[in-house]
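To start, the structure under review is shown below, and the notes come after it.
The values are calculated or read from the model by the stated rules, or taken from the named source; none is laboratory data. Remember, it's a predicted structure, so these values are computed and weren't measured experimentally. We place every Cβ from the backbone using ideal geometry, glycine too, and count neighbours over all the protein chains shown.
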Amino acid sequence: MKAALFTDSYLPNTDGVVSSILAYRRGLEAAGHKWAIFAPDAPGYTDAPGDEVLRFSGVKFPPYPEYRAVMFPYSISAKTAQKHKVQLVHSKAMMSMGVAAYSFARRAHLPCMASMETMIPDGVHYLSKNRQVQAFGKDIAWSYLKWLYSHFDLVTAPSKHTKARLARHGIETEVLPSPVDTGRFKPNAAGGARVRAELGYGKGTKLVLTVGRVVKEKNYDFILRAAKKMRDPRVKFLIVGKGPYLDTLKLEAARMDVSHKFHFTGFILSKEKLIDYYNAADAFVFASKFETQGLTLLEAFACGKPAAVLEGTAMEELVREGKNGRLFFEDEEDCAEKVMQCIGEKNQLAAGARKTALEHSIPRLTERLVGMYKRLLE
């Protein structure tokens with residue numbers, strides 16, 4: 001089979017959607033299938049030889065300047081489907097490329113599905129600081145999503161939590177998580193030791209890791225407050241990632257007098273280096289309420305790292321209490337306590353963490369995706 005994959009975000013960007021695309025692309029190719037990828041342009045970037053990527057002209061998206069919004073991609077010719085021999089359309093886009101996906105499918109008379117992976121109603125604070133404006137913006141965002149996804153034959157959500165939340169707004173979905181590359185993300189004590197040596201942390205230091213785009217909606221401020229409650233001076237936090245909130249977060253850490261507890265690495269370009277950072281950690285912490293699945297949590301699990309996770313979130317589904325991690329209330333003291341439990345139990349929880357990741361491996365979830373494609377083509 002061959003599908004046209006529409007996305008608002010693709011290389012050289014690195015985020016959860018891009019990671020999902022790359023993982024599923026590898027799985028599909030290994031199973032004898034392929035994607036032709038329809039994505040925004042990327043000035044100065046050259047796609048790898050053999051990658052079938054169709055780029056469309058875009059402009060910088062103000063809330064996230066590193067992203068580009070495609071302008072008017074709605075008239076992609078139906079002949080494009082014949083030229084690239086695509087049999088169905090799959091959208092991971094929510095902006096203009098999402099609209100373009102179902103429009104293209106309609107003109108080309110192809111079945112189409114969409115995967116909802118970013119909770120855009122939770123990002124309306126970028127529009128205004130006024131709470132009334134934000135509430136109005138959320139209503140508009142949900143109305144838009146309901147309208148957008150009504151055009152697709154099948155819609156997927158990456159977790160039961162997200163599926164339930166979408167259902168409350170009249171959007172019915174099936175669950176299809178994004179996979180983790182358990183062949184690359186795996187325990188590697190030597191790689192972890194290298195990172196510790198580079199950062200100047202000895203074996204006595206207890207490293208707590210979090211990975212992701214540094215944006216306000218991911219609740220990083222809560223981690224600062226939890227760190228202030230940590231009574232063990234040997235505990236240090238590694239914040240891996242960059243984003244528009246990074247400078248503000250550093251200022252907040254200084255204001256709260258916890259800067260000495262944190263190391264902000266910025267973006268780690270090398271995937272192998274990122275894996276070493278996971279392996280350098282004693283535990284992972286996830287406090288975000290924004291994620292629809294939490295792929296970085298699966299990456300930590302794949303490296304055998306237990307995790308302390310905020311309850312009531314999509315990531316809660318992945319936690320087996322006392323088996324691969326711990327859940328905490330939205331309370332700084334409870335978070336600090338559960339992080340310390342994960343550190344203390346890291347050897348006992350490692351196997352359970354790895355087992356959870358293997359349940360979300362590329363081959364296993366690609367098989368589910370292919371099954372959905374076959375249903376659409378019947």
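Does Met97 count as under 26 Å from the mean Cα position of the chain (by Cα), assigned by TED's automatic domain parsing to the domain that holds Phe152, surrounded by 23 or more Cβ atoms within 10 Å (Cβ to Cβ) and of a type in the set (A, V, I, L, M)? Against the criterion (under 26 Å from the mean Cα position of the chain (by Cα), assigned by TED's automatic domain parsing to the domain that holds Phe152, surrounded by 23 or more Cβ atoms within 10 Å (Cβ to Cβ) and of a type in the set (A, V, I, L, M)), Met97 qualifies. Of all residues in the range 341-378, those satisfying the criterion of being outside any helix (DSSP H, G or I) and surrounded by 13 or more Cβ atoms within 10 Å (Cβ to Cβ) are Glu345, Glu359, His360, Ser361. Restricting to the range 177-220, name every residue that is basic (Lys, Arg), part of a helix (DSSP H, G or I) and either in contact with a His (Cβ under 9 Å, 6 or more places away or on another chain) or without any contact (Cβ under 8 Å) to a residue 12 or more places away in the chain (or both). Selection gives Lys216 alone. Among the conditions (1) surrounded by fewer than 21 Cβ atoms within 10 Å (Cβ to Cβ); (2) closer than 23 Å to Ser288 by Cα, the only one that Lys92 does not satisfy is (1).
If I go through the range 289-338 residue by residue, how many of them are β-branched (Val, Ile, Thr) and in a loop (DSSP other than H, G, I, E, B)? Within the range 289-338, residues that are β-branched (Val, Ile, Thr) and in a loop (DSSP other than H, G, I, E, B) number 3.
Okay, residues lined up against (1) more than 30 Å from Leu5 (Cβ to Cβ); (2) at pLDDT below 95; (3) assigned by TED's automatic domain parsing to the domain that holds Ser91:
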{"site": "Ala300", "(1), (2), (3)": "no, no, no"}
{"site": "Lys323", "(1), (2), (3)": "yes, no, no"}
{"site": "Val339", "(1), (2), (3)": "yes, no, no"}
{"site": "Ile343", "(1), (2), (3)": "yes, no, no"}
{"site": "Gln348", "(1), (2), (3)": "yes, no, no"}
{"site": "Ala351", "(1), (2), (3)": "yes, no, no"}
{"site": "Leu365", "(1), (2), (3)": "no, no, yes"}
{"site": "Arg368", "(1), (2), (3)": "no, no, yes"}
{"site": "Tyr373", "(1), (2), (3)": "no, no, yes"}
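For Arg68, are the conditions met, namely being touching a Lys or Arg at 6+ places or on another chain (Cβ under 9 Å), over 22 Å from Arg375 (Cβ atoms), at pLDDT below 95 and basic (Lys, Arg)? So Arg68 passes the test. Output yes when any residue across the range 127-144 is in contact with a Pro (Cβ under 6 Å, 6 or more places away or on another chain), at pLDDT below 95 and among the basic types (Lys, Arg), and no when none is. The answer is yes; a qualifying residue exists.
Let's see how each residue does on (1) in the same structural domain as Val89 (by TED's automatic domain parsing); (2) out of contact with any strand residue (DSSP E or B) (no Cβ under 9 Å at 6 or more places or on another chain); (3) within 13 Å of Ala93 (Cβ to Cβ):
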| position | (1), (2), (3) |
| --- | --- |
| Val18 | yes, yes, yes |
| Tyr24 | yes, no, no |
| Glu29 | yes, no, no |
| Gly32 | yes, yes, no |
| Glu52 | yes, no, no |
| Arg68 | yes, no, yes |
| Tyr74 | yes, yes, yes |
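Annotation note: of Asp282, Asp334, the sole residue that is at pLDDT 95 or above, touching a strand residue (DSSP E or B) at 6+ places or on another chain (Cβ under 6 Å) and surrounded by fewer than 19 Cβ atoms within 10 Å (Cβ to Cβ) is Asp334. Scanning the range 256-279 for residues that are assigned to a loop (DSSP other than H, G, I, E, B) and under 23 Å from the mean Cα position of the chain (by Cα), we see that the one that is surrounded by the most Cβ atoms within 10 Å (Cβ to Cβ) is Ile268.
Residue check: Gly183 meets all listed conditions (1) closer than 30 Å to Leu369 by Cα; (2) surrounded by 17 or more Cβ atoms within 10 Å (Cβ to Cβ); (3) out of contact with any strand residue (DSSP E or B) (no Cβ under 6 Å at 6 or more places or on another chain) but one, namely (2). Contact annotation: residue pairs with Cβ atoms under 8 Å, 6 or more positions apart or on different chains, pairing a residue in the range 234-248 that is free of Cβ contacts under 8 Å to residues at least 40 places away in the same chain and in the same structural domain as Tyr220 (by TED's automatic domain parsing) with a partner that is small (Gly, Ala, Ser) and in a loop (DSSP other than H, G, I, E, B), are Arg234/Gly204; Val240/Gly212; Gly241/Gly212.
In the set Ala253, Ala226, which member is under 26 Å from the mean Cα position of the chain (by Cα), surrounded by 19 or more Cβ atoms within 10 Å (Cβ to Cβ) and under 20 Å from Leu297 (Cβ atoms)? Of the residues listed, the single one that is under 26 Å from the mean Cα position of the chain (by Cα), surrounded by 19 or more Cβ atoms within 10 Å (Cβ to Cβ) and under 20 Å from Leu297 (Cβ atoms) is Ala226. Restricting attention to the range 29-61, the residues that are touching a residue at least 40 places away in the same chain (Cβ under 8 Å) and either assigned to a loop (DSSP other than H, G, I, E, B) or out of contact with any helix residue (DSSP H, G or I) (no Cβ under 6 Å at 6 or more places or on another chain) (or both) total 8. For the range 225-253, the set of residues classified as farther than 19 Å from Ala336 by Cα and of a type in the set (Lys, Arg) consists of Lys242, Lys250, listed by residue number. Listed by first and then second residue, the pairs linking a residue in the range 319-332 that is closer than 19 Å to Ile223 by Cα to a residue that is assigned to a loop (DSSP other than H, G, I, E, B) and of a type in the set (A, V, I, L, M, F, W, C), with Cβ atoms under 9 Å apart and 6 or more places separating them unless they lie on different chains, are Gly325/Val319; Arg326/Val319; Leu327/Val319; Phe328/Ala287; Glu330/Ala287.
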